[in-house]
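Read the structure below first, then the notes.
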Amino acid sequence: SDVSPADSAARLRRLVRSKLLLFTDVRDDPAKFFEAHRVLVDPKTRGPGFWIRFTVQYNLFAGTVLGLGGPEQRAMLGEMQERGELGCFGLTERFAGVNSGLVVQTTATWVPEKQAFVLHSPTEGSYKNWISQGLVADWAAVIADLRVGGKSYGPHGFLMRFRDAATGNVAKGITLEATLRKTTGNDLDNAWIRFDNVELPRSALLNRFAEIQNDKYVQTTGEKMRIEVIGQR
């Protein structure tokens with residue numbers, strides 16, 4: 001394909017802004033949602049990586065916010081769509097191997113003194129890897145091991161502003177680099193991502209299942225947060 005990653009991303013931004021398909025249609029109009037997937041698989045005109053880019057945007061990024069987020073976070077999707085903003089999905093890690101998606105070593109530690117989470121990649125193996133749309137994303141849904149009071153509560157989702165809207169620079173503490181050229185689908189950008197003690201506000205935790213109250217982890221529903229919930233996206 002002669003479609004560049006920049007052109008491919010621009011096409012998706014136009015589709016997002018058009019509202020022909022809403023981020024919420026995966027929940028509210030699934031028949032339309034799945035039909036869109038069938039229609040958009042057209043490698044000759046859109047590039048072989050476009051349908052993956054589309055799936056990352058609608059299933060993995062927006063779908064994670066819909067599946068894991070509270071009402072205020074879900075409402076943000078409409079604002080993102082209005083602006084044509086793109087997101088990436090930070091789950092897979094470099095040394096996870098065949099357990100990719102099941103091994104999550106990136107940490108998100110609640111720091112009472114800061115009233116914030118600190119997102120960190122403690123080892124090279126914990127770098128997020130093969131993150132589709134990672135080089136152009138405005139937002140990221142990042143999966144990290146949530147730690148509160150010295151205890152691990154397992155993988156949880158965090159919604160973060162990945163890139164400064166005014167400057168286009170990635171957030172402070174993020175190292176972002178392109179992965180190597182692929183044998184096909186080079187209209188899709190892929191990246192590896194390292195987090196170096198990136199501070200996230202309390203509101204970053206996707207809080208359908210849990211939140212932080214009085215510096216403690218509090219389950220908010222009868223259903224616990226599980227990695228399977230993330231995998232459903």
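The values are calculated or read from the model by the stated rules, or taken from the named source; none is laboratory data. Note that the structure is a prediction, hence the values are computed from the model and not measured. For neighbour counting, all protein chains shown are included, and Cβ atoms are generated from backbone atoms with ideal geometry for every residue, glycine included. What goes into the accessible areas is simple: the full protein's heavy atoms, side chains included, and nothing from ligands, DNA or RNA. Shrake-Rupley method; radii C 1.70, N 1.55, O 1.52, S 1.80 Å.
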(message) Cβ neighbours within 10 Å, averaged per peptide: list 59-71, 189-201, 26-38 in order, most packed at the top.
(response) 59-71, 189-201, 26-38
(request) Grab the other residues whose beta carbon is less than 14 angstrom from that of R226, score K and R as +1, D and E as -1, and report the net. (result) 0
(request) Mind jotting down the distance between the C-alpha centroids of the range 215-233 and the range 109-184, whole Å? (result) 19
(message) How long are the semi-axes of the equivalent ellipsoid of the range 102-195, taking √(5λ) for every eigenvalue λ of the Cα gyration tensor, in whole Å from largest down?
(response) 26, 16, 10
(request) Relative to the compact-globule scaling 2.2 N^0.38 Å, provide the ratio for the alpha-carbon radius of gyration of the range 1-109. (result) 1.15
(request) Using only Cα atoms, tell me the angle between helix 71-83 and the longest principal axis of the chain; keep it within 0 to 90° and round to the nearest 10. (result) 30
(message) Could you tell me the relative contact order of the chain? Use alpha-carbon pairs under 8 Å, at least six residues apart, and round to a whole percent.
(response) 22
(request) State whether the range 8-52 is rounded, prolate or oblate according to the following rule on the C-alpha gyration tensor (a ≥ b ≥ c being the square roots of its eigenvalues): a/c under 1.5 gives rounded; otherwise a/b larger than b/c gives prolate, and the remaining case gives oblate. (result) oblate
(request) Take the Cα coordinates of the chain, assign each an equal point scatterer, and use the Debye formula without solvent to give log10 I(q)/I(0) at q = 0.07, 0.11 Å⁻¹. (result) -0.21, -0.53
(request) Write out the trypsin sites (Lys or Arg not before Pro) in the range 129-176 meeting two conditions: DSSP loop, and at most 13 other Cβ atoms within 10 Å of their Cβ. (result) K172
(request) Please give, to one decimal in nm, the separation of the simple spin-label points placed at K32 and L102, each 7 Å out from Cα toward the Cβ. (result) 3.8
(message) Under the 0.36 nm per residue contour assumption, what length would be gained going from the current alpha-carbon distance of R181 and T167 to full extension?
(response) 2.3 nm
(message) Here is the link list: K44/K182; K32/K224; K32/K182; K172/K224; K128/K172. Which ones come out longer than 21 Å on Cα distance?
(response) K32/K224; K32/K182; K172/K224
(request) With a 1.4 Å probe and all protein chains in place, put W51, W139 in order of accessible area, largest first. (result) W51, W139
